[in-house]
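Beneath this line is the structure, given in structure tokens, with notes to follow.
The values are calculated or read from the model by the stated rules, or taken from the named source; none is laboratory data. Remember, it's a predicted structure, so these values are computed and weren't measured experimentally. Reconstructed Cβ throughout: ideal geometry from the backbone, glycine too, with neighbour counts over all protein chains shown. Areas reflect the complete protein model, heavy atoms only, side chains present, ligands, DNA and RNA absent. Shrake-Rupley method; radii C 1.70, N 1.55, O 1.52, S 1.80 Å.
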Amino acid sequence: MWISRLSLRDYRSYRELDLEFEPGVTTFVADNGTGKTNIVEAIGYLAHLRSHRVAFDAPLVHEDAQMASISALVNRGQRHAVVDVSIQAKGANRARVNRSPVKLKEILGLVSCVVFAPEDLSLVRGEPAERRNWIDTLVVARNPRYASVIADFERALKQRNALLKRLREERDPGLEATLDIWNIAYAEAAAELVFGRIKVLADIVAPLQENFAYIAADARLERQGIQARYDSRIDYAQADSAGECQELLLAALERRRSTEIDRGLTLHGPGRDDLALTIGDHPAKGYASHGETWSLALAMQLAGWDLLSSDAGSTAEQPILILDDVFAELDTGRRNRLAARITEAEQVLITAAVDADLPSGLEGTRIGQSRLLPVEST
């Protein structure tokens with residue numbers, strides 16, 4: 001898969017920007033603050049319907065506008081589609097495919113990309129929510145219907161928490177009967193999400209280990225090995241289906257029923273789970289060096305790209321690979337190994353502040369600062 005044309009209107013710093021691309025490697029080399037990250041962020045937004053930099057959409061709209069738009073011509077072998085998203089400063093976003101309006105979630109899967117950026121250090125150092133978001137992004141990328149599963153889970157969790165807070169104030173038998181109904185709705189969506197995560201983790205562990213060992217090839221042998229496991233208060237190890245996960249979750253909710261009512265809060269489910277990452281004999285969080293943190297975060301994203309590429313089955317369906325200001329933080333050995341690794345992708349987009357940040361010998365198209373400076377309309 002590759003994008004041959006990208007148009008931005010009132011997106012962040014850009015009033016108007018039109019770019020054309022070729023397959024292979026394209027590097028954006030410009031000073032910090034020029035807007036190069038805005039470009040790759042926009043492509044990531046088409047793929048995931050969210051930014052990898054901010055949690056909500058308002059900052060994506062130019063400060064003097066009410067709406068931003070992203071449009072891309074996406075090529076998958078001999079198939080082509082124009083995908084458009086309009087991001088509203090206030091109100092619901094809209095989407096089109098080949099000029100025809102579609103539901104926003106219907107564009108999921110039409111653009112596939114994996115983004116690695118400095119923010120991804122939080123995958124190792126940050127809170128569990130960062131790692132949950134990473135694995136959920138892969139779950140949805142593999143099967144876009146999980147976007148609706150996640151929405152159902154979040155809606156049921158919100159309703160269940162509101163009910164628990166009411167029960168904390170008043171233990172009404174009628175309300176407790178309602179809790180039983182919400183337990184089933186919550187557990188059904190939550191269990192499906194948990195099982196989706198477990199399946200992704202089972203498939204991604206091997207490429208994750210291989211990528212980390214490759215990137216950290218000059219580290220001590222005992223620091224080249226990593227492990228990743230699903231970390232939950234509920235033991236799902238023997239669960240072979242979403243239905244079995246649901247039974248385990250319902251049993252846990254029943255055991256903690258009084259405690260949850262006393263606290264007015266849901267204490268079990270995918271919103272409480274984590275991904276436990278280990279380097280050698282120690283947890284990555286708190287023990288990994290700066291270089292190991294970069295290597296592990298990068299290995300996680302490359303493993304995601306490997307997983308989605310394997311699912312795709314052909315170069316025409318491979319995700320686009322985006323590396324946003326990554327090489328500057330790597331030593332020469334890691335830079336060169338990463339550069340050799342990324343050539344497998346049909347399209348790679350790289351941002352860098354200066355040419356010196358890029359590996360020597362990296363070939364491809366270069367787009368410089370003069371082409372990227374935002375143009376204000378008059």
Out of every Cα-Cα pair in the stretch 262-371, what percent are more than 25 Å apart? 40 percent
When the Cα centres of the stretch 16-72 and the stretch 181-240 are compared, how far apart do they sit, in Å? 30 Å
Rounded to whole Å and sorted largest first, what semi-axes of the equivalent ellipsoid does the C-alpha gyration tensor of the stretch 72-199 yield via the square root of 5 times each eigenvalue? 35, 20, 15
Excluding same-chain residues fewer than 8 positions from LYS105, which lysines have a Cα within less than 19 Å of its Cα? LYS90
Once both labels are modelled 7 Å past Cα along the beta-carbon direction, what's the ASP240-LYS199 spacing in nm? 1.5 nm
For the chain, what mean projected area does the convex hull of the alpha carbons give, in nm²? 20.7 nm²
Please report the spacing between the Cα centers of the stretch 79-110 and the stretch 112-153 in Å, no decimals. 20 Å
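When Rg is the radius of gyration of the Cα atoms in the stretch 190-326 and Rh is its Kirkwood radius, what does Rg/Rh come to? Before the final figure, lay out each step's value.
Numbers: Rg = 17.9 Å, Rh = 17.0 Å.
So for the stretch 190-326, dividing Rg by the Kirkwood Rh gives 1.05.
Share of the stretch 54-159's accessible area from carbon and sulfur, percent, 1.4 Å?
Carbon-and-sulfur percentage of accessible area, whole number: 51.
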Each label sits 7 Å from Cα toward the beta-carbon; between LYS103 and THR315 the label points are separated, in nm, by 3.6 nm
For the stretch 161-291, what % of the accessible area comes from carbon and sulfur atoms, probe 1.4 Å? 50 percent
Hits in the stretch 289-329: amide N under 14 Å from the 7 Å Cα→Cβ extension of ALA356, namely 328-329
How big is the stretch 160-262 along each principal axis, measuring the range of its Cα positions in Å and listing the largest first? 63, 26, 18
Stretchable slack from LEU73 to ARG366, in nm (0.36 nm times residue separation minus alpha-carbon distance): 103.5 nm
Please give, to one decimal in nm, the separation of the simple spin-label points placed at SER4 and ARG272, each 7 Å out from Cα toward the Cβ. 5.2 nm
Can you tell me the 0 to 90 degree angle between the C-alpha axis of helix 290-312 and the longest principal axis of the chain, rounded to 10? 90 degrees
FRET efficiency for ALA55 and SER289 from the Cβ-Cβ distance with R0 = 30 Å, rounded to 0.05, comes out at 0.60
Between 0 and 90°, nearest 10: helix 146-169 axis offset from the chain longest Cα axis: 40 degrees
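First check a/c for the stretch 1-125, with a ≥ b ≥ c the square roots of the eigenvalues of its C-alpha gyration tensor; if it is under 1.5, answer rounded, and if not, answer prolate when a/b is larger than b/c or oblate otherwise.
Rounded.
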Accessible surface, the stretch 67-172, averaged per residue in Å² (probe 1.4 Å): 51 Å²
When the chain is treated as a GNM, springs tying every alpha-carbon pair under 10 Å, which of ALA213, ALA156, ALA92 comes out with the largest mean-square fluctuation? ALA92
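Compare the peptides 356-368, 118-130 by average per-residue count of other Cβ atoms within 10 angstrom and give them in order, highest first.
So the peptides 356-368, 118-130, ranked by packing, come out 118-130, 356-368.
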Using only the alpha-carbon atoms, how far is helix 242-255 inclined from the longest principal axis of the chain? Give it as 0 to 90 degrees, nearest 10. 50 degrees
Note the direction-averaged projected area, equal to a quarter of the hull surface, for the Cα convex hull of the stretch 121-165, in nm². 3.8 nm²
